[in-house]
1. Report, in debye and to the nearest 20, how large the dipole of the range 12-212 comes out about its Cα centre when Lys and Arg carry +1 and Asp and Glu carry -1 on their Cβ.
2. Where the centroid of each part is defined by its Cα atoms, how far is the range 192-256 from the range 100-130 in Å?
3. Explain nothing, just compute: Karplus ³J(HN,Hα) = 6.51 cos²θ - 1.76 cosθ + 1.60, θ = phi - 60°, for every residue of the range 74-80 in order, whole Hz, x for Gly and Pro.
4. Percent relative contact order of the range 222-372, based on C-alpha pairs within less than 8 angstrom and at least six residues apart?
5. About its Cα centre, how strong a charge dipole does the chain have in debye, to the nearest 20, once Lys and Arg get +1 and Asp and Glu get -1 at the Cβ?
6. Would you mind checking the pairs Lys130/Lys170; Lys47/Lys170; Lys70/Lys317; Lys70/Lys215; Lys70/Lys199 and listing those with alpha carbons more than 20 angstrom apart?
7. Kirkwood Rh, the chain, all Cα pairs: how many Å?
8. Sort the following peptides by mean Cβ neighbour count (other Cβ atoms within 10 Å, averaged over residues), highest first: 119-132, 155-168, 305-318, 224-237.
Amino acid sequence: MSEKKLYDVGGIAYERPFKIRRLNHFGLSVHDTGAALRFYRDLLGFKVSEVVDTAVTDPGPWHDGLPDTKIYMLRHNSDHHTLVLMPRPWSEHLEPPARGDITVNQITWQVSTLREVVEARLWLEGQGNKIDRYGRDPGSNWHTYFPDPSGHTNELEYGIEQVGWNGLSKPVAMWPWVQEHPELPTSSEAGEILAAVAKEIDLDSGHRWIDESEKAYDVGGVLLGRPFAPVRLGPVSLFVEDLDESVRFYTDTLGLTISEESEVEGHRVVFLRANTEHHSVALFPLALRDVLGLSGESTLLSFGIQVGSYSQLRAAKEFLEAEGVELLDLPPEIHAGVDYVVHAVDPAGHVVALYYYMEQVGWDGAVRPADQRRQVTRGVWPETLEPLSDTYAGETFWGPIG
């Protein structure tokens, strides 16, 4: 038997020419992006980093009857976007989905270098994977798009634009809109900025959104428009057509690691991770969708948004209930490695899983045994909790909130 070919990824030998470091951003296609915007911006606290009107950039009958024709790029940190809302008829015209119930338009994984993005495309093609497109879009991240076996679009990206203290995104005149990969090596971002200055592009002409909501809530000593702050995106939980085939894709093709396999209502489910988090994607058989009583309009079970603390999570639950948001009582088995969760339903029927804690996996790759996890009584929310060994561990939010 011949040995597997290994690839040099920054001096480390891997079975593929890239190494995923984290879930970077996520996208949804919805009928009314304006309604979704109000939910994710006004209620959940995401910031608007860019607005693109598809009726202007790509006019056509796919906009007929749409309440809003705009793409909204949102962020919770300094990344240009961590959540993208697209008009569903337009996105389906642009890239027809493999299934009529796929509303996830991108699951984006961050790698460390541009070379990984380019070589990943060539390797994926060589492995027989379909490449949907590649290049660079607003947000400046070089990317490669390709589907999983059920048709969910995955993206590998490098170099997403960072939005600084003044809240300004790059000017439209600097948007790349490139549908190809560059010859390597290529110019750095600093070089691109110097080129923009030479062209006399106004670097202060980019999009800036200012949160004008009343700041009435004390969140860790900072006044915000809601009693919590999103600090991390993910995990993504998907219903898939063929569980075994999907697991092979996310492990053998993308290089994710299986953290845990378990059962939900008698059905096998698999949790996989990219880094030290218990899971960044969870895979569920489609048959579970009806069992859980979830909408047949989407293959998304839920996507996670971490808030800054347990007290923020309790406050988020009260805040969303007061705002009339539907909250679901779903079985805890769907979020192994996470204890307390608020499952909120957005205007399009997607489930958002708000949480404060995710189990961290150490050097030996072992998850915490189930009998050593915090025991949660559904519907009971203690005022305070005893810390676990990995409470508030893992990826940390950088910079000020709000």
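Bear in mind these aren't lab numbers, they're just calculated from the coordinates by the rules spelled out. Note that the structure is a prediction, hence the values are computed from the model and not measured. All Cβ positions, even for glycine, are placed from backbone atoms using ideal geometry, and neighbour counts span all protein chains on display.
1. Details: 19 positive and 30 negative charges, 95 e Å.
Result for the range 12-212 is approximately 460 debye, rounded to the nearest 20.
2. About 18 Å separates the Cα centre of the range 192-256 from the one of the range 100-130.
3. Once rounded to whole Hz, the list reads 10, 9, 10, 9, 8, 4, 3.
4. Values: 279 pairs, mean separation 39.4, N = 151.
For the range 222-372, the relative contact order is 26 percent.
5. Numbers: 34 positive and 61 negative charges, 110 e Å.
Dipole about the Cα centre, nearest 20: 520 debye.
6. The pairs that break the limit, which is 20 Å between Cα atoms, are Lys130/Lys170; Lys70/Lys317; Lys70/Lys215; Lys70/Lys199.
7. Values: mean 1/r = 0.0453 Å⁻¹.
By the Kirkwood definition, the hydrodynamic radius is 22.1 Å.
8. Details: 119-132: 15.5, 155-168: 17.9, 305-318: 20.9, 224-237: 22.7.
Highest to lowest by the protection proxy: 224-237, 305-318, 155-168, 119-132.
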